[in-house]
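A.B. asks: Dropping the structure in here first, questions after.
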Amino acid sequence: MNDMRMTERGVNTKDIKIEARKVQVFYGANHAIKDVDVDIEDKTVTAFIGPSGCGKSTFLRCLNRMNDTIDICRVEGDIILDGEDIYDKRVDPVQLRAKVGMVFQKPNPFPKSIYDNVAYGPKIHGLSRNKAELDEIVESSLRRAALWNEVKDRLDAPGTGLSGGQQQRLCIARAVATSPEVLLMDEPCSALDPIATAQVEELIDELRQSYSVVIVTHSMQQAARVSQKTAFFHLGNLVEFGETSKIFTNPEDPRTESYITGRIG
Amino acid sequence: MAHSEHIVSGFDRDLEGIQAQIMRMGGLVEEAIAKATEALETRDLELARAVRAGDKAIDALDESVNDEAARIIAQRQPIASDLRTVLTVFRVSTNLERIGDYAKNIAKRTETIIDQPPVNGTGASLRRMARQVELMLKDVLDAYIQRDAALAADVRARDIDVDQMYSALFREYLTFMMEDPRNITTCMHLHFMAKNIERMGDHVTSIAEQVIYLVTGDMPEDDRPKQDRTAHDAGNLT
């Protein structure tokens, strides 16, 4: 068991899914992200950690251009997804977000039925030709989100009527329904109880087989549990990026050490 | 300590608490080594008994350190240097407990051979060897509390002297036994005592390696030079 874990964690031959180079983010005059270089590997969970306001969520939101929606926000540098610059003028952000899905801190199901929550993305992106195909996508997405067995008999019930943990898994099902290649998660468990958290973490580990997952979390233990790579952000800088097992046993940078061990910087 | 304080001050108190227990254990163990060999040299039955009785306190501390370290893992989920501190506390405590057992065993054997006629000069050489281990232990405990990897590496290198002393004693006892079979009982016991002290040196070395791990995050990779060849060439003594 231990040996398997070692090889699993030690793998370093993965393809690079997202390549970020010299990324700068400005909110008006505020320089929020400073010169960040990072490689996000395919089929790997990468955790972003750091104190509030360090820029980790801002950087995460660059990866699917969610920052476009903020007027005063300006992004510089290159973010290359599968060899293509996602900030290129020819890239349609809506298509991009189908490829790079996102799950938020608070479960935010649409005020629609469970079925429609999951079917929405595939419908607007035209991923199904008929009802049967759509049914199939909804079922497989709910199965991948480990929610199918709990909701299969009440697909017409409102998504908002589910428990918090179920709602979050519904949002994950919604995100995977468009067959994304990268899944961004911004503190996906912070509003969940420990059991729902464990279910989402188990799910993240399964999703890793098919996707590249990037998760922002405030829980050191969660980052240590779910990720293979960890990036530590501080004051807009990427301070340290490396194997999770290394970061949590013997980090290089004293700022990383202070933060993860809960010391006064 | 090298690091700044935790935001949760109770965590600092916990870590300091278990390390203070380790230092107390270390003090008791140093004392046990010194007294055990003194009892042998001066043929002091009372002192030997006191060493045997004193081992209970060391065992109790070992148990307490283990309980406390387990509690800290459960309640504080230590990581990085904190994790290494807790991990090394477990191991160092085990090493110290074993050294205490060896001292106790020396005291026990002292009681056994106390009425036998002494074999010339052997008590003093054992005492010298024990003194060397005692000094190494003192230094390694200093290295531990100061987080001094260089001093730990120095202690680790010094174990070779203990091994050499053991090899010399091994030959000496063999010679005594060959000279006069009446020496055999005593020399067998003395040899076990020498072996006990040699093993103590190994445990001190292991503590030194823990200190290096604690400070650097890595165990030393190079093999230590080994000088005890008695397992290989004992038969070729003459």
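The values are calculated or read from the model by the stated rules, or taken from the named source; none is laboratory data. All values derive from a computational prediction rather than experimental measurement. Don't worry about glycine lacking a Cβ; one is built from the backbone with ideal geometry, like all the others, and counts go over all protein chains shown. In case anyone asks, the SASA skips ligands and DNA or RNA and just uses the protein heavy atoms, side chains included. Shrake-Rupley method; radii C 1.70, N 1.55, O 1.52, S 1.80 Å.
A.B. asks: Size of the dipole of region B:9-230 about the Cα centre, Lys and Arg at +1 and Asp and Glu at -1 on the beta carbon, nothing else charged, in debye to 20?
C.D. replies: For this selection, approximately 400 debye.
A.B. asks: How do B:174-180, A:237-243 rank on mean C-beta neighbours within 10 Å, highest first?
C.D. replies: Packing proxy ranking, top to bottom: A:237-243, B:174-180.
A.B. asks: What pairs from A:K89/A:K131; A:K123/A:K229; A:K56/A:K99; A:K34/A:K89; A:K43/A:K152; A:K22/A:K123 go past 25 Å between their alpha carbons?
C.D. replies: Those over the limit are A:K89/A:K131; A:K123/A:K229; A:K43/A:K152; A:K22/A:K123.
A.B. asks: What accessible area per residue, rounded to a whole number of Å², is obtained for the protein assembly as shown using a probe radius of 1.4 Å?
C.D. replies: I get 46 Å² per residue for this part.
A.B. asks: May I pose another question? Can you put B:V8, A:V91, A:V25 in order of accessible area, largest first, using a 1.4 Å probe?
C.D. replies: Putting B:V8, A:V91, A:V25 in descending order of accessible area: B:V8, A:V91, A:V25.
A.B. asks: Run the dipole for region A:197-242 about the Cα centre, Lys and Arg Cβ at +1, Asp and Glu Cβ at -1, nothing else charged, and hand back the magnitude in debye, nearest 20.
C.D. replies: Taking the Cα centre of region A:197-242 as origin, the dipole is about 120 debye.
A.B. asks: Mean-square fluctuation check for chain B, GNM, Cα pairs under 10 Å: which of B:V86, B:V215, B:V119 is largest?
C.D. replies: Looking only at B:V86, B:V215, B:V119, the biggest GNM fluctuation is shown by B:V119.
A.B. asks: Relative to a virtual label point 7 Å from the Cα of A:F26 in the Cα→beta-carbon direction, which members of region A:213-243 show backbone nitrogen distances below 18 Å?
C.D. replies: A:236-237
A.B. asks: Of A:Q24, A:Q105, A:Q95, which has the largest mean-square fluctuation in a 10 Å C-alpha GNM of chain A?
C.D. replies: A:Q95
A.B. asks: Name the shape class, rounded, prolate or oblate, that the alpha-carbon gyration tensor gives for region B:127-212, where a ≥ b ≥ c are the square roots of its eigenvalues, rounded holds for a/c under 1.5, and otherwise prolate holds if a/b is larger than b/c and oblate otherwise.
C.D. replies: Note, shape of region B:127-212 comes out prolate.
A.B. asks: Going by a ≥ b ≥ c, the root eigenvalues of the Cα gyration tensor, does region A:73-231 fall in the rounded group (a/c under 1.5), the prolate group (a/b larger than b/c) or the oblate group?
C.D. replies: Oblate, since a/c reaches 1.5 and b/c is not below a/b.
A.B. asks: Can you give the accessible area of B:K108 in Å² (nearest 10), computed on protein heavy atoms with a 1.4 Å probe?
C.D. replies: Surface accessible to solvent at B:K108 totals approximately 100 Å².
A.B. asks: Between A:Y120 and B:R24, take the C-beta separation as r, use R0 = 51 Å, and let me know the FRET efficiency to the nearest 0.05.
C.D. replies: So, using R0 = 51 Å, E works out to roughly 0.20.
A.B. asks: Å³ per residue of the Cα convex hull, for region A:6-117?
C.D. replies: Spelled out: Cα convex hull of region A:6-117, divided by residues, is 158 Å³.
A.B. asks: Which of the listed residues, B:V65, B:T42, B:L214, is farthest toward the dipole's positive end in chain B, when Lys, Arg count +1 and Asp, Glu count -1 at the beta-carbon?
C.D. replies: Of the listed residues, the answer is B:T42.
A.B. asks: Related question: Run the simple label-point estimate for B:I145 and B:D180 please: 7 Å along Cα→C-beta, distance reported in nm.
C.D. replies: 4.6 nm
A.B. asks: Something else: Computing the accessible area with a 1.4 Å probe over protein heavy atoms, can you report the carbon and sulfur percentage for region B:9-230?
C.D. replies: Accessible surface attributable to carbon and sulfur in region B:9-230 totals 50 percent.
A.B. asks: How much accessible surface area, in Å² rounded to 10, belongs to the heavy atoms of A:I16 with a 1.4 Å probe?
C.D. replies: 70 Å²
A.B. asks: Whole percent per 10 Å bin, from 0 to the bin with the longest distance: what is P(r) over all C-alpha pairs of chain A?
C.D. replies: 7, 30, 35, 22, 6, 0
A.B. asks: Hey, what number do you get for chain A at 222 nm if only DSSP H runs of n ≥ 4 count, each worth -39500 (n - 2.57), divided across all residues, to the nearest 500?
C.D. replies: Mean residue ellipticity at 222 nm (helix-derived): -10500 deg cm²/dmol.
A.B. asks: Just need log10 I(q)/I(0) for the protein assembly as shown at q = 0.09 Å⁻¹, Debye formula, equal scatterers on the alpha-carbon atoms, no solvent, rounded to two decimals.
C.D. replies: Rounded to two decimals, the profile gives -0.75.
A.B. asks: Same structure, new question: Excluding ligands, DNA and RNA, what is the accessible area buried between chains A and B, summed over both sides, using a 1.4 Å probe, to the nearest 100 Å²?
C.D. replies: So the total buried area for this chain pair works out to about 1200 Å².
A.B. asks: Nearest 20 debye, what's the magnitude of the dipole of chain A about its Cα centre given +1 on Lys and Arg Cβ and -1 on Asp and Glu Cβ?
C.D. replies: So the magnitude is around 460 debye.
A.B. asks: Once the convex hull of the alpha carbons of region B:1-126 is built, what does its volume come to per residue, in cubic angstrom?
C.D. replies: 101 Å³
A.B. asks: Could you work out the mean projected area of the convex hull around the alpha carbons of region B:9-230, in square nanometres to one decimal?
C.D. replies: Over every viewing direction, the Cα hull of region B:9-230 projects on average to 12.0 nm².
A.B. asks: Going by a ≥ b ≥ c, the root eigenvalues of the Cα gyration tensor, does region A:203-265 fall in the rounded group (a/c under 1.5), the prolate group (a/b larger than b/c) or the oblate group?
C.D. replies: Note, shape of region A:203-265 comes out prolate.
A.B. asks: Pick out which of B:R49, B:R127, B:R13 has the largest mean-square fluctuation in a Gaussian network model of chain B, springs linking Cα atoms closer than 10 Å.
C.D. replies: B:R13
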